[in-house]
Amino acid sequence: MTSPFGPLVIIANPRAGRGKLGARLPEIERILREAGLDYRVVQTTHPGHAAEAARAALHGGERYLVAAGGDGTVHEVVNGMLEDGQPIARDAVLGVVAAGSGCDFVRSFGLPGDTVQAAHHLAGDRVRLIDVGQVTYSSGSAQITRYFPNIAEAGLGAAVVARASRLPGFLGPARYFCGFWLTLPRFRPATVHVDADGHAYQWRAHNVVVANCRFYGGGMHISPKSQPDDGALDVLVMVGPKSEAFTTLPKVYRGTHLPHQNIVELRANRVRLETDPPFQVEADGEHLGTTPATFEVVPLPIRIKL
């Protein structure tokens, strides 16, 4: 007996959640055995390993991939499932066992953030097709393309992610909050040029969020209107003073910050973003590069296990 999608490939970051996932792997395996699910485990050892493992599994004929870790692990596995804007295997399924310091992706689907409860969700046949975002950003003189299932941004938020990544791991989810306070005083807004499906705009802004799903930053309900299967990206441009990033924070956690007089809301299939000076760019909590950047929606390439 096994899953209707075939044996599971558990792609696990044992360091996720300050090592909690590695400690709980035996319990996850026990749950899978009790459910009668065939599986194998790949423990990642270096950046990019999860994407490599996902790609190799799909090319080898396996179809049920499970990202076990934080949003960074999900990000890598999704990047291993897509190639040239298309899924490597249309019948592939993505399961998620959330166990990292940041587990925002699963919140949009009502999936548990608890490792053990999440493992129980790997049985059964309920799935949902979802869109994925594609971002092409600048890295030196090169243009690099990555995929993001959750949320990307440029500006203050990306600078916070870069700063938080350098803070000690024992801070856990508080790393983002600490990174915010360390970044805010010196951050400077920029002139932002946005082309959204051929409509051109210009503002003085400090942050641009491009959302496929709803949550980021450890539970912030930043884009409450986003639907991950509607074929579009939701764009939020923060045009007010950067101090509003602090004053609106309580409302952002509740998802009640919109509409807002200093947040421009757009929806588009393709967004071109240029800033002067360049903004840093992040996706799914992973620091990538800088603007100029182009964000596009890839319609329904992933089936997520619910």
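The values are calculated or read from the model by the stated rules, or taken from the named source; none is laboratory data. Remember, predicted model here, so these are calculated numbers, not experimental data. Cβ sites come from the backbone with ideal geometry, for glycine too, and all protein chains shown count toward neighbours.
For T247, which of the numbered conditions (1) surrounded by 17 or more Cβ atoms within 10 Å (Cβ to Cβ); (2) more than 19 Å from the chain's Cα centre (by Cα); (3) among the polar types (S, T, N, Q) fails to hold?
(1)
With the checklist (1) in contact with a strand residue (DSSP E or B) (Cβ under 6 Å, 6 or more places away or on another chain); (2) surrounded by fewer than 16 Cβ atoms within 10 Å (Cβ to Cβ) in hand, flag the one item L32 doesn't pass.
It fails just one condition, (2).
For region 287-304, name all the residues that are surrounded by 23 or more Cβ atoms within 10 Å (Cβ to Cβ) and polar (S, T, N, Q).
Scanning region 287-304 gives a single hit, T291.
Looking at region 55-75, I want the residues that are at negative phi and not assigned by TED's automatic domain parsing to the domain that holds F148 and have a partner that is among the basic types (K, R) and part of a loop (DSSP other than H, G, I, E, B) with Cβ atoms under 9 Å, at least 6 apart or on another chain. Which pairs are those?
A57/R63
Give A154, A99, A123 a once-over and let me know the one that is at negative phi, of a type in the set (G, A, S) and touching a helix residue (DSSP H, G or I) at 6+ places or on another chain (Cβ under 8 Å). Walk me through it before giving the result.
On the way: A154 fails: touching a helix residue (DSSP H, G or I) at 6+ places or on another chain (Cβ under 8 Å); A123 fails: touching a helix residue (DSSP H, G or I) at 6+ places or on another chain (Cβ under 8 Å).
Of A154, A99, A123, the one residue that is at negative phi, of a type in the set (G, A, S) and touching a helix residue (DSSP H, G or I) at 6+ places or on another chain (Cβ under 8 Å) is A99.
What number of residues in region 81-126 are part of a strand (DSSP E or B) and out of contact with any Phe, Trp or Tyr (no Cβ under 9 Å at 6 or more places or on another chain)?
Narrowing region 81-126 to residues part of a strand (DSSP E or B): 82-83, 86-87, 93-98.
When the remaining residues are screened for being out of contact with any Phe, Trp or Tyr (no Cβ under 9 Å at 6 or more places or on another chain), the result is 83, 86-87, 97.
Selection size over region 81-126: 4.
Hey, can you tell me all the residues within region 248-283 that are touching a residue at least 24 places away in the same chain (Cβ under 8 Å), in a strand (DSSP E or B) and more than 16 Å from T294 (Cα to Cα)?
Matches in region 248-283: I263, V264, E265.
Would you be able to tell me the number of residues in region 1-49 that are touching a helix residue (DSSP H, G or I) at 6+ places or on another chain (Cβ under 7 Å) and among the aromatic types (F, W, Y)?
Of the residues in region 1-49, 1 are touching a helix residue (DSSP H, G or I) at 6+ places or on another chain (Cβ under 7 Å) and among the aromatic types (F, W, Y).
Select from region 56-67 the residues that are more than 14 Å from the chain's Cα centre (by Cα) and part of a strand (DSSP E or B) and list them in ascending order. Full working, then the answer.
Step one: list which residues in region 56-67 are more than 14 Å from the chain's Cα centre (by Cα), which gives 56-66.
Of everything in region 56-67, those that are more than 14 Å from the chain's Cα centre (by Cα) and part of a strand (DSSP E or B) turn out to be Y64, L65, V66.
Somewhere in region 219-237, is a residue out of contact with any helix residue (DSSP H, G or I) (no Cβ under 7 Å at 6 or more places or on another chain), free of Cβ contacts under 8 Å to residues at least 40 places away in the same chain, part of a helix (DSSP H, G or I) and not hydroxyl-bearing (S, T, Y)?
No: zero hits.
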